[in-house]
Amino acid sequence: MSTLLLDASVVLAAFDSEDKRHDAAHALLVDRAVTLATLDLARYEAANVAVRAWSAPDAVAPLLAALERIAGDGGVVPSTQALLARASELAEEHTISVYDAAYVAAAEEAERVLVSCDERDLVSKRLAVFPETVTK
Amino acid sequence: MAKVMVSMPEALLAEVDAEARRIGSTRSAVLRGFADEALRRRRGDRAAAMRTVLREASPHGGNAAEQVKATRP
C-alpha cells in the first residue's frame, strides 16, 4: 500500500479517451489499493487544458470533481513558500520548469511516488513513473 | 514493524481495550485494524466516485502531458 502523487497529466489522460495512457490513467484513478494525492497546481492546469487546449469548458467540472475526490483521499498538497523554494532548486538541478519541479517537490516532501504522463521532463529523468507502472 | 507513540483520550483508549478483549487480540492489533479499515474505506469511496465522474471521458486528441505544458502561462 502506498500513496501516489498524481500530476495534472494523469487526470487529464483519464478523461481523454484518445490519450495513449488513457486506460492506465483510468485504472489508477479507480484503483482501491492505493491512496492518491495531488498538488493544488493540478486544479489550474487541468482547467486550463480543458478550456484552452480541448476547447471544452464543460469538461472543467468533471475534472475538478475528480481532483476533489483525490483531495478527499490522500489530499491536495498546498504550494507553500517552502515547497516552491525546493521546487526552484529541483528545477535548476534537473533543467525542468518550476511547475514540473513543484510536483517533484510535493512527492519528495512526504515520500510519495510521483505519477505522470510526462516522459520528456519527468519519467525519462526518473523523477516520476508512468501510470501503467503502478497499476495492476 | 515500526513502533509509534499515540496520544488519545482515556475514554477512547478504554473502548479500544474493550474491543481488544472482546476479540481476543491486542491493543496494537485493534488500532492497526481500525486504521487499515478507515484508509481502505476512504480509497473505496474515492474509487467509486471516480467511476462516476470518469463517465464524462471523451476524445480530446491525446498527449495530455504536452497539452499541460503548452497551456501554461
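Structure values in brief
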read-out: Residue satisfying condition, being within 22 Å of A:Tyr44 (Cα to Cα) and in contact with a Gly (Cβ under 7 Å, 6 or more places away or on another chain), within set B:Arg46, B:Arg55; value: B:Arg46
read-out: Complete set of residues in region A:86-103 that are within 14 Å of chain B (Cβ to nearest Cβ), closer than 20 Å to A:Phe130 by Cβ and assigned to a helix (DSSP H, G or I); value: A:Tyr99, A:Asp100, A:Ala101, A:Ala102, A:Tyr103
read-out: Considering residues of region A:1-50 that are buried (at least 24 other Cβ atoms within 10 Å of the Cβ) and among the hydroxyl-bearing types (Ser, Thr, Tyr) only, the residue farthest from the other protein chains (Cβ to nearest Cβ); value: A:Thr38
read-out: Residue match in region A:77-85 (condition: touching a residue at least 24 places away in the same chain (Cβ under 8 Å), in a helix (DSSP H, G or I), farther than 21 Å from B:Met50 by Cα and among the hydrophobic types (A, V, I, L, M, F, W, C)); value: yes
read-out: Test: residue in region A:43-52 that is closer than 18 Å to A:Ser116 by Cβ and in a loop (DSSP other than H, G, I, E, B); value: no
read-out: Inter-residue pairs, beta-carbon under 7 Å, first closer than 14 Å to A:Val134 by Cα and in region A:11-26, second β-branched (Val, Ile, Thr) and not in a loop (DSSP other than H, G, I, E, B), 6+ apart; value: A:Ala25/A:Val10
read-out: A:Arg32, sole failed condition from (1) more than 13 Å from the chain's Cα centre (by Cα); (2) part of a helix (DSSP H, G or I); value: (2)
read-out: 1 or more residues more than 14 Å from every other protein chain (Cβ to nearest Cβ), surrounded by fewer than 15 Cβ atoms within 10 Å (Cβ to Cβ) and modelled with pLDDT of 95 or more: qualifying helices (runs of 4 or more DSSP H) within chain B; value: B:10-23, B:27-53
read-out: Residue in region A:51-61 that is of a type outside the set (Lys, Arg), touching a residue at least 24 places away in the same chain (Cβ under 8 Å) and surrounded by fewer than 16 Cβ atoms within 10 Å (Cβ to Cβ) present; value: no
read-out: Residue in region A:107-128 that is farther than 28 Å from B:Arg42 by Cα, more than 12 Å from every other protein chain (Cβ to nearest Cβ) and among the small types (Gly, Ala, Ser) present; value: no
read-out: Checklist (1) charged (D, E, K, R); (2) under 28 Å from B:Pro59 (Cα atoms); (3) surrounded by fewer than 23 Cβ atoms within 10 Å (Cβ to Cβ) applied to A:Asp118, failing item; value: (3)
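The values are calculated or read from the model by the stated rules, or taken from the named source; none is laboratory data. The shown structure was predicted, so the numbers you read here are calculated from the model rather than taken from an experiment. Virtual Cβ from ideal backbone geometry, glycine too; neighbours counted across all protein chains shown.
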